[in-house]
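Participant: Below are the structure tokens for one structure; questions will follow.
The values are calculated or read from the model by the stated rules, or taken from the named source; none is laboratory data. A quick note: this is a predicted structure, and the numbers were derived from the prediction, not measured. FYI the Cβ positions are ideal-geometry reconstructions off the backbone, even for glycines, and counts take in every protein chain you see.
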Amino acid sequence: MAEELFAPLTHPFVLRGLLIAWLLGVACGVIGCFLLLRRLVLIADSFGHALLPGIGLAYLWLGPGHSGLYLGAAIAGLLTALISGLLQHVTRLPEDAAFAALFVLCFAVGLIILQQAMTPTDLLHYLFGDILASTMDDVWRTWAVASAVVLALCLWYRPLLLEAFDATFLRACGGRPLLVHLGVLFAVVATIVTALQAVGLVLALGWFVLPAAAAYLCCDRWSSMLLMAGLIGGMAASAGLLASWWLDWPSGPCMVAALGAVCLSCMVGGRHGLRARWRSARHDADESGTRCERT
Amino acid sequence: MSGAHHDHLVLDDVTICYRRRPAVHHVSCALPCGSLVALVGPNGAGKSTLLAGILGWLPLTTGRIVWNGHELRGRPQFVGWLGQRRQQHGSFPIDVASVVAMGRYGQVGWWRGFTADDRTAVTQAMATMGIAHLADRAFHELSGGEQQRVLLARALAGGAEVLLLDEPLTGLDAVAVRDVLERLQAWVRGGRLVLLVLHDLAIVRAWCPYTVLLRRELIAAGPTATVLTEAQLARCYGRRFVEGGAAHG
């Protein structure tokens with residue numbers, strides 16, 4: 001039994017996958033907290049679509065090598081983040097509309113380019129990812145991005161906190177909300193580009209929103225929410241990957257399902273979950289009943 | 001208007017434009033310290049614009065703003081601010097003490113840790129606003145009045161000498177209004193200045209010894225009793241407003 005449990009750990013490609021799952025889970029979980037509280041979670045999904053034209057053009061111009069595709073995706077993502085951020089600040093378009101307008105256009109253009117450039121197998125690889133096919137280069141790339149995300153969070157904790165809680169007050173303190181906002185969007189892009197190989201574009205949203213939502217339902221402090229989202233992201237994704245091995249199920253969906261299972265359990269049993277609400281409602285009803293009896 | 005003047009916030013020929021259209025025209029006045037000063041005028045009169053100009057968020061087309069001999073704009077450590085509408089995330093996971101501590105960020109910067117002085121300033125700001133007992137409570141669990149006091153404490157925690165409050169009493173009941181104004185009144189006694197944008201003239205008459213009446217340009221500035229006259233209010237709000245009796249508010 002124990003041998004079966006630890007069997008996957010004897011394979012280097014599984015260990016590489018576990019490392020990437022852990023690192024990506026932490027980075028996505030932390031960034032997801034900002035997206036969740038700024039009501040921007042769908043942006044992570046939209047970014048995935050926006051990367052398609054970049055991947056397609058890089059494939060056409062630079063060939064199927066991974067580095068070229070990452071470069072194309074990164075440039076497309078950064079440009080989209082910049083343009084959508086500016087669209088929102090310099091036009092009267094609300095942020096979600098600015099993103100939606102840009103991303104749906106990118107997705108359409110991306111599909112046209114990709115159909116010309118790639119085989120269906122290549123396309124599926126980037127849409128759904130394959131974490132067990134990761135190389136050591138992927139591990140180092142993921143480690144660099146995850147470390148940069150955590151380091152940036154530590155260095156700019158205060159402006160990031162203010163931007164999420166009260167962006168106007170950030171301005172009153174001499175900060176630049178637009179700069180901080182663009183920084184968060186760039187972090188999202190960098191993480192999604194890194195996650196291309198492991199997670200794919202389609203399921204990337206789950207890595208951002210599920211750990212953050214789970215932590216949000218359990219925490220009353222911003223710092224604990226960030227810590228918990230990072231830990232849930234890393235641990236649940238790793239557990240999902242191991243489960244996919246034991247059950248012989250596809251790894252990408254299994255990792256997202258594990259993140260989802262934690263989120264669902266927090267939705268029910270978390271500090272601000274359904275059980276707590278039900279208890280609070282029952283407590284209020286009991287109290288008002290006691291008061292009525294007294295009067 | 002003379003430039004530097006101690007014990008006054010001096011607005012000297014201040015003009016602020018939005019897309020080349022002046023929203024505030026050549027406003028000159030000296031606001032005395034040690035009292036609550038009301039900034040009164042109809043919607044679109046340029047009140048929030050003037051506050052944004054004092055904060056340095058909008059460029060001045062003409063003029064300057066001087067506090068104790070120093071140009072005030074671009075010095076967040078001297079000016080506290082509370083905005084017009086609730087800008088805060090409704091259910092952000094954060095406790096009251098952390099919200100008030102944000103008020104020190106202008107002083108300590110983004111990287112330096114809090115010193116004992118910073119922590120004392122936060123504690124004092126909470127005590128001044130009577131929210132010390134709420135320090136560990138979640139911000140989103142508080143009532144509207146309590147949240148407003150927390151945000152006022154955050155504005156005080158920075159140690160600013162000038163506090164700009166844009167409609168700080170909106171949404172508060174009569175008891176909370178009285179409580180907030182009493183606390184602000186006590187706070188300014190040390191020689192500080194609170195400039196409040198207000199719409200309720202009865203509150204202005206009862207609580208603010210000094211008033212600035214603005215309608216894009218300065219209608220009047222001075223002791224409240226001499227500023228809120230029927231003639232001045234008619235110039236500011238229109239004749240119908242005064243005839244409707246609102247001027248006696």
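Participant: Identify, from the list B:Met102, B:Met126, the residue that is assigned to a helix (DSSP H, G or I), more than 11 Å from every other protein chain (Cβ to nearest Cβ) and within 19 Å of the chain's Cα centre (by Cα).
Facilitator: Values: B:Met102 fails: more than 11 Å from every other protein chain (Cβ to nearest Cβ).
Exactly one residue qualifies, and that residue is B:Met126.
Participant: Residues in the stretch B:47-82 that are in a loop (DSSP other than H, G, I, E, B) and either within 14 Å of chain A (Cβ to nearest Cβ) or free of Cβ contacts under 8 Å to residues at least 12 places away in the same chain (or both): how many?
Facilitator: Taking the stretch B:47-82 first, the residues in a loop (DSSP other than H, G, I, E, B) are B:56-61, B:68-69, B:72-78.
This time we only want the ones that are either within 14 Å of chain A (Cβ to nearest Cβ) or free of Cβ contacts under 8 Å to residues at least 12 places away in the same chain (or both), so: B:56-58, B:72-78.
Total satisfying the criteria: 10.
Results for (1) buried (at least 22 other Cβ atoms within 10 Å of the Cβ); (2) free of Cβ contacts under 8 Å to residues at least 60 places away in the same chain; (3) at positive phi; (4) within 14 Å of another protein chain (Cβ to nearest Cβ), shown as yes or no for each residue.
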residue: A:Leu185; (1), (2), (3), (4): yes, no, no, no
residue: A:Val188; (1), (2), (3), (4): yes, no, no, no
residue: A:Thr191; (1), (2), (3), (4): yes, no, no, no
residue: A:Tyr216; (1), (2), (3), (4): yes, no, no, yes
residue: A:Arg221; (1), (2), (3), (4): no, yes, no, yes
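Participant: Check whether at least one residue in the stretch A:220-230 is more than 20 Å from the chain's Cα centre (by Cα), in a helix (DSSP H, G or I) and among the aliphatic types (A, V, I, L, M), and report yes or no.
Facilitator: Step one: of the stretch A:220-230, the residues more than 20 Å from the chain's Cα centre (by Cα) are A:220-221.
Okay, now just the ones that are also in a helix (DSSP H, G or I), so none.
Among the residues of the stretch A:220-230, not one is more than 20 Å from the chain's Cα centre (by Cα), in a helix (DSSP H, G or I) and among the aliphatic types (A, V, I, L, M), which makes the answer no.
Participant: Now for a separate question. Checking B:Leu195 against (1) modelled with pLDDT under 90; (2) out of contact with any Ser or Thr (no Cβ under 9 Å at 6 or more places or on another chain), which test does it fail?
Facilitator: Of everything listed in (1) modelled with pLDDT under 90; (2) out of contact with any Ser or Thr (no Cβ under 9 Å at 6 or more places or on another chain), B:Leu195 misses just condition (1).
Participant: Can you say whether A:Gly56 is small (Gly, Ala, Ser) and either within 30 Å of A:Ser224 (Cα to Cα) or surrounded by fewer than 24 Cβ atoms within 10 Å (Cβ to Cβ) (or both), as far as the supplied structure shows?
Facilitator: Values: small (Gly, Ala, Ser): yes; either within 30 Å of A:Ser224 (Cα to Cα) or surrounded by fewer than 24 Cβ atoms within 10 Å (Cβ to Cβ) (or both): no.
It is false that A:Gly56 is small (Gly, Ala, Ser) and either within 30 Å of A:Ser224 (Cα to Cα) or surrounded by fewer than 24 Cβ atoms within 10 Å (Cβ to Cβ) (or both).
Participant: So for the stretch B:98-118 (the condition being in contact (Cβ under 8 Å) with a residue 60 or more places away in the chain and among the hydrophobic types (A, V, I, L, M, F, W, C)), does at least one residue qualify? Don't jump to the end; show me each part of the working.
Facilitator: Step one: list which residues in the stretch B:98-118 are in contact (Cβ under 8 Å) with a residue 60 or more places away in the chain, which gives none.
Scanning the stretch B:98-118, I find no residue that is in contact (Cβ under 8 Å) with a residue 60 or more places away in the chain and among the hydrophobic types (A, V, I, L, M, F, W, C), so the answer is no.
Participant: Of the residues B:Ala127, B:Ala153, B:Ala132, which is free of Cβ contacts under 8 Å to residues at least 12 places away in the same chain, touching a Ser or Thr at 6+ places or on another chain (Cβ under 8 Å) and under 30 Å from A:Asp220 (Cβ atoms)? I'd like the intermediate steps shown before the answer.
Facilitator: Working: B:Ala127 fails: touching a Ser or Thr at 6+ places or on another chain (Cβ under 8 Å); B:Ala153 fails: free of Cβ contacts under 8 Å to residues at least 12 places away in the same chain.
When all the criteria are applied, what remains is B:Ala132.
Participant: Got at least one residue in the stretch A:18-35 being surrounded by fewer than 16 Cβ atoms within 10 Å (Cβ to Cβ) and either under 15 Å from the mean Cα position of the chain (by Cα) or without any contact (Cβ under 8 Å) to a residue 40 or more places away in the chain (or both)?
Facilitator: First pass over the stretch A:18-35, keeping only residues surrounded by fewer than 16 Cβ atoms within 10 Å (Cβ to Cβ): none.
There is no residue in the stretch A:18-35 that is surrounded by fewer than 16 Cβ atoms within 10 Å (Cβ to Cβ) and either under 15 Å from the mean Cα position of the chain (by Cα) or without any contact (Cβ under 8 Å) to a residue 40 or more places away in the chain (or both).
Participant: Continuing with this model, one more query. Has the stretch B:134-151 got any residue that is over 23 Å from B:Leu181 (Cβ atoms), assigned to a helix (DSSP H, G or I) and within 24 Å of the chain's Cα centre (by Cα)?
Facilitator: Yes, the stretch B:134-151 has at least one match.
Participant: Right, next: Of all residues in the stretch A:110-149, which are surrounded by 14 or more Cβ atoms within 10 Å (Cβ to Cβ), at pLDDT 85 or above, closer than 27 Å to A:Val184 by Cβ and of a type outside the set (S, T, N, Q)?
Facilitator: A:Ile131, A:Asp138, A:Val139, A:Arg141, A:Trp143, A:Val145, A:Ala146, A:Ala148, A:Val149
Participant: Please find, within the stretch A:153-166, the residue that is farthest from the other protein chains (Cβ to nearest Cβ) out of those that are buried (at least 18 other Cβ atoms within 10 Å of the Cβ) and out of contact with any Pro (no Cβ under 9 Å at 6 or more places or on another chain).
Facilitator: Of everything passing the filter in the stretch A:153-166, A:Leu153 is farthest from the other protein chains (Cβ to nearest Cβ).
Participant: Looking only at the stretch B:13-23, filter to residues that are buried (at least 20 other Cβ atoms within 10 Å of the Cβ) and modelled with pLDDT of 90 or more; which one of those is farthest from B:Gln185 (Cα to Cα)? Talk me through it step by step, then tell me what you get.
Facilitator: Here is the first cut: in the stretch B:13-23, the ones buried (at least 20 other Cβ atoms within 10 Å of the Cβ) are B:14, B:16, B:23.
Filter once more, keeping what is modelled with pLDDT of 90 or more: B:14, B:16.
On the way: B:Val14: 27, B:Ile16: 30 Å.
Checked the stretch B:13-23; the qualifying residue farthest from B:Gln185 (Cα to Cα) is B:Ile16.
Condition check ((1) among the aromatic types (Phe, Trp, Tyr); (2) buried (at least 16 other Cβ atoms within 10 Å of the Cβ); (3) outside the structural domain of B:Gly74 (by TED's automatic domain parsing)) across all residues:
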| position | (1), (2), (3) |
| --- | --- |
| B:Ala138 | no, yes, yes |
| B:Leu165 | no, yes, no |
| B:Leu172 | no, yes, no |
| B:Val180 | no, yes, no |
| B:Gly191 | no, no, no |
| B:Val204 | no, yes, no |
| B:Arg215 | no, yes, no |
| B:Ile219 | no, yes, no |
| B:Ala225 | no, no, no |
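Participant: Specify which of the listed residues (B:Gly171, B:Gly190, B:Gly159) is farther than 22 Å from B:Ser35 by Cα and outside any strand (DSSP E or B). So that I can check it myself, show each step before the final result.
Facilitator: On the way: B:Gly190 fails: farther than 22 Å from B:Ser35 by Cα; B:Gly159 fails: farther than 22 Å from B:Ser35 by Cα.
Unique residue meeting the criteria: B:Gly171.
Participant: In addition: Take the stretch A:167-183 and flag every residue that is within 25 Å of B:Ala155 (Cα to Cα) and either among the polar types (S, T, N, Q) or more than 10 Å from chain B (Cβ to nearest Cβ) (or both). It would help to see each step written out before you state the result.
Facilitator: Residues of the stretch A:167-183 within 25 Å of B:Ala155 (Cα to Cα): A:167-181.
Across the stretch A:167-183, the qualifying residues are A:Thr168, A:Arg176, A:Pro177, A:Leu178, A:Leu179, A:Val180, A:His181.
Participant: Looking at (1) surrounded by fewer than 24 Cβ atoms within 10 Å (Cβ to Cβ); (2) modelled with pLDDT under 95; (3) not basic (Lys, Arg); (4) not in a loop (DSSP other than H, G, I, E, B), find the lone condition where A:Phe208 falls short.
Facilitator: Of the numbered conditions (1) surrounded by fewer than 24 Cβ atoms within 10 Å (Cβ to Cβ); (2) modelled with pLDDT under 95; (3) not basic (Lys, Arg); (4) not in a loop (DSSP other than H, G, I, E, B), the odd one out for A:Phe208 is (1).
Participant: From the list A:Tyr126, A:Tyr157, which one is among the hydroxyl-bearing types (Ser, Thr, Tyr) and in contact (Cβ under 8 Å) with a residue 12 or more places away in the chain?
Facilitator: Numbers: A:Tyr157 fails: in contact (Cβ under 8 Å) with a residue 12 or more places away in the chain.
A:Tyr126 is the lone residue from the list that is among the hydroxyl-bearing types (Ser, Thr, Tyr) and in contact (Cβ under 8 Å) with a residue 12 or more places away in the chain.
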